[in-house]
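S.K.: The structure follows.
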Amino acid sequence: EGRTLLQTIGTEIVRAKDEHFWTDFVGRLARVLNYDYILIPDWRFEEEHSRLAEYCEDIITIRINRYEKFDSFEECIPYVNTAMTEEQLNHRSETELDDYPCEYVIANTTLVELASSAIELVKVLTTL
């Protein structure tokens, strides 16, 4: 299965040999490109934040929580990818950041709300 292959290669093989391989790769790429902003849409491990800070001056963390049903924050049902096995869902790369504190959190309830929240966040970030 695709997800298991990615988890095994990315974590059990590559990270087992060099824990910082992926973050160093991205960090070096960020330095070479020298853009004003770089978006990393998918990070998986706590150490990646501190490691990337060695390459980038300012890092802003944003979590997007996806919900299957969302009537209110008191009655929300987190999305679970039913195509993934229990083992895949509980893999360290899927769970390590579950409680990681981020500067901004967006509730992904619908694509329209997600787009609206993203636009509002960009407005806030451009004032920093």
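S.K.: Taking amide H atoms as placed 1.01 Å from N in the peptide plane, list the residues 5 or more away in sequence, or in a different chain, whose amide H sits under 5 Å from that of residue 64.
M.R.: Long-range HN contacts for residue 64: 106.
S.K.: Per q in 0.14, 0.16, 0.21 1/Å, what log10 I(q)/I(0) does a Debye calculation on the alpha-carbon atoms of the chain return?
M.R.: At q = 0.14, 0.16, 0.21 Å⁻¹ the computed log10 ratios are -0.79, -1.01, -1.37.
S.K.: How far apart, in nm, are the 7 Å Cα→Cβ label points at residue 33 and residue 66?
M.R.: Each label point is offset 7 Å from its Cα along the Cβ direction, giving 2.2 nm.
S.K.: Provide the gained length on full extension for the span residue 128 to residue 21, in nm with one decimal, where the gain is 0.36 nm per separating residue minus the Cα-Cα distance.
M.R.: 35.5 nm
S.K.: I'd like the carbon and sulfur percentage of the solvent accessible area for region 1-117, probe radius 1.4 Å, heavy atoms only, ligands and nucleic acids excluded.
M.R.: 54 percent
S.K.: Using a 7 Å offset from the Cα along the Cα-to-Cβ direction at both residue 95 and residue 76, what is the distance between the two label points in nm, to one decimal?
M.R.: 2.1 nm
The values are calculated or read from the model by the stated rules, or taken from the named source; none is laboratory data. Remember, predicted model here, so these are calculated numbers, not experimental data. Cβ coordinates were reconstructed from backbone atoms using ideal geometry, including for glycine residues, and neighbour counts include every protein chain displayed. In case anyone asks, the SASA skips ligands and DNA or RNA and just uses the protein heavy atoms, side chains included. Shrake-Rupley method; radii C 1.70, N 1.55, O 1.52, S 1.80 Å.
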